[in-house]
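The values are calculated or read from the model by the stated rules, or taken from the named source; none is laboratory data. Just so we're clear, the structure is a prediction, and the values are computed from it rather than from any experiment. Here the Cβ positions follow ideal geometry from the backbone for every residue, glycine too, while neighbour counts run over all protein chains shown. Surface areas here come from the heavy atoms of the whole protein model, side chains and all, with no ligands, DNA or RNA. Shrake-Rupley method; radii C 1.70, N 1.55, O 1.52, S 1.80 Å.
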Amino acid sequence: MNREDTHKQVSFPMKSRRMKTMLLLTLLIALSILCLGLGRYQLSPLEVARILMGLPAEKMARTVVFGMRIPRILLVLFSGCGLALAGHVYQVVFRNPLVSPDILGVGAGCSFGAAFGMVFLGGGLYIVGGSAFVCGVLVVSLTILFARKATHKTLSLVLWGIVMSSIASSGLMLMKYSADPTKHLPSIEFWLMGGFYQANYQSAWLVGGCVLISILILYRLRWKLKVMMLGDAQARALGVSVKKVRLLALTMSTLMVAVIISVVGLVSWIGLIAPHLAKLYMKREDLSCASVSMCFGGLLLLGADTCARTLFPAELPISILTSFMGAIMLAIILIQSRKQ
């Protein structure tokens, strides 16, 4: 076989993967534009197109699109992409397809922080979000700190993550027990189910900026992470500083998840299901699925949020739908794997 034939065999799979990624990205953009017209104030695709192109339209319609739906959809897309990317990185680093971003305790820490802010700091959007972020990062930092001196770093991270998550969950239950049942307790329960009802441009760009920075840093680490998938011993033999790469990848992913949770509350299952869908779609199990995982994360969360705000008279918390969708999809994946 000559060099030209080998090049053709390599280039065709690359083109196929790029076409699949572009198809998924096109679907995500199309769904985002479609969702701009869905809601209590219905708009046709033609009306949405006229508004986006700056053509004359009703003032109310422009306010709904630019003032309410665009910032919300941006926040949903950034959150979905960030959670999916974090889940993908966690599964690569731990070499375990059942790992999600909650494994190091970021979700439990943010939940405790949010409840603490509501009960003891007077509540408020920025106080609750700031408290959730600080506690989430603190719990993960303690997890990494305690696991540093262990012999088996990956296993120790998982075990210390379980320990710190349990402690944070105990603190959350204590907060709920001591909370005012008519004032603080409903707010805590509602926050724990997540939602995008308070979306605005400021929160969208905050989450988007954090996700973009994390993407850039993780993109720089992509080759080292690929080598680490071969095992720590092989990675060290090839000159990769396993501890530093693992710590940096987990840190960026965790910070991204902590920012998302502190802004929108808990959003379950996206970080676990989106990477699985990407692997099934691409028929690969490596870092080349990262961009596809982000697309699936955006699609899943956008679909769930659109259903949450359109299907019922009152808006549903987002985790009700993501948990249901995630459980159904995981069941389908398990059934498909049994047939193979």
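Observations, loosely collected:
- With the helix formula -39500 (n - 2.57) applied to DSSP H stretches of n ≥ 4, the chain reaches a computed 222 nm mean residue ellipticity of -25000 deg cm²/dmol.
- Whole-number percent relative contact order across the chain, with pairs defined as alpha carbons under 8 Å at least 6 apart: 27 percent
- Per-peptide average of other Cβ atoms within 10 Å, ordering 177-185, 300-308 highest first: 300-308, 177-185
- Among 322-332, 274-284, the peptide with the highest mean count of other Cβ atoms within 10 Å heads the list, and the full ranking is 274-284, 322-332.
- For Lys243 and Leu125, the FRET efficiency from 1/(1 + (r/R0)^6), where r spans their Cβ atoms and R0 equals 30 Å, is about 0.20.
- Relative packing of peptides 216-227, 191-202 - highest average C-beta neighbours within 10 Å first: 191-202, 216-227
- For mean projected area of the Cα convex hull in nm², the candidate list reads (1) 24.4; (2) 21.3; (3) 16.3; the entry that matches the value derived from this model is (2).
- Whole-number accessible area per residue in Å² for the stretch 21-111, which is evaluated in the context of all protein chains at 1.4 Å: 44 Å²
- For the stretch 214-340, the per residue solvent-accessible surface stands at 47 Å², with DNA, RNA and ligands left out and a 1.4 Å probe.
- Sulfur and carbon atoms: percent of accessible area, the chain [1.4 Å]: 70 percent
- Over 18 Å between alpha carbons, listed pairs Lys224/Lys244; Lys153/Lys244; Lys243/Lys279; Lys149/Lys244; Lys244/Lys279; Lys20/Lys226: Lys243/Lys279; Lys244/Lys279; Lys20/Lys226
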